[in-house]
Amino acid sequence: MSTAKFEQTTASPIITYGILTVCILLALFPFFYMVSLSLQSDAEMYSGVPVIIPSVLQFSNYADIWQKAPFARFILNSFIIAGSITLLHLIFDPLIGYIFAKMYFPGKRLMFGALLSTLMLPFFIRMIPLYILTAEMGWLNTYQGLIMPFAMSAYGIFLMRQFILPIPDELIEAARIDGASDLRIYWQIVLPQLRPALATLGLLTFVFQFNEFLWPLIVVSSVEMRPITTGLALFNSEFFTQWNLTSTGGVILFLPSFLIFVFMQRYFVRSVMMTGMK
């Protein structure tokens with residue numbers, strides 16, 4: 001091998017990893033700066049000069065945030081809302097996906113096409129009629145109003161249907177011949193094979209709902225019903241924003257989703273692998 005070719009072969013991975021490293025640093029910089037802001041004092045934050053590494057780490061910010069706002073209630077609300085919606089998705093989405101995948105009835109394709117068409121509608125289009133319906137039912141500023149409009153999703157139903165389709169029809173027919181009902185077939189045959197897919201659905205749903213901002217903003221009117229995303233607005237006013245406390249809340253908001261992903265990533269990877277094998 002010539003020297004020029006050897007140098008070209010050696011330099012290629014270095015350039016590739018160098019570009020990847022720069023991209024990763026650019027992607028992570030906003031998060032690192034949020035952590036830095038959460039550890040800064042008021043003097044450093046309003047000094048007019050951006051501070052990347054605080055001279056003195058103000059861990060007291062993580063204690064002050066609990067005193068200056070009902071932050072424990074915000075966290076509880078976020079877990080109640082995101083947890084309830086996730087549980088409802090795990091109950092209804094695979095059940096409806098099973099109906100569309102393995103049952104036959106008139107208008108099935110038309111109904112499934114109509115369901116998928118809702119994925120093309122932005123939430124901003126559905127927001128006004130959904131708000132009017134929620135108000136007419138008396139669910140404004142309640143857990144019902146925050147949870148029930150998102151009890152199931154077209155994406156979750158589609159995802160479950162795609163995972164159920166490869167299950168052999170012969171297996172289901174054999175169970176029917178043995179006298180098993182459709183509900184028993186779903187519970188004992190179909191559902192156990194969906195564990196990686198259910199873990200993925202639960203992870204994606206919880207993370208999305210835990211970080212939801214717009215719907216709680218327009219439905220909730222009292223401080224006691226706010227989740228973390230809208231509760232952080234208490235640290236903002238017309239003329240003054242406590243960016244260090246807001247960033248502290250942002251770090252706390254990030255931790256549950258991160259920890260859940262760490263503990264459930266093996267199921268997420270397995271579901272992606274299963275999708276590729278299909």
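The values are calculated or read from the model by the stated rules, or taken from the named source; none is laboratory data. A quick note: this is a predicted structure, and the numbers were derived from the prediction, not measured. Every residue, glycine among them, receives a Cβ derived from its backbone with ideal geometry; neighbour counts consider all protein chains shown.
Things to note:
- Lone unmet requirement of (1) under 20 Å from Leu204 (Cβ atoms); (2) at pLDDT 90 or above for Thr134: (1)
- Top-ranked residue of segment 22-59 - restricted to ones that are part of a loop (DSSP other than H, G, I, E, B) and surrounded by 13 or more Cβ atoms within 10 Å (Cβ to Cβ), ranked as nearest to the chain's Cα centre (by Cα): Leu39
- The residues in segment 85-111 that are surrounded by fewer than 19 Cβ atoms within 10 Å (Cβ to Cβ) and aromatic (Phe, Trp, Tyr) can be counted, and the count is 3.
- Qualifying residue in segment 102-109 (condition: part of a loop (DSSP other than H, G, I, E, B) and in contact (Cβ under 8 Å) with a residue 40 or more places away in the chain): yes
- Residue match in segment 167-182 (condition: closer than 26 Å to Phe206 by Cβ and surrounded by fewer than 16 Cβ atoms within 10 Å (Cβ to Cβ)): no
- Of all residues in segment 140-160 being aromatic (Phe, Trp, Tyr) and in contact (Cβ under 8 Å) with a residue 60 or more places away in the chain, the one that is farthest from Gly83 (Cα to Cα): Phe158
- The set of residues in segment 215-229 that are in a helix (DSSP H, G or I) and polar (S, T, N, Q) contains only Thr229.
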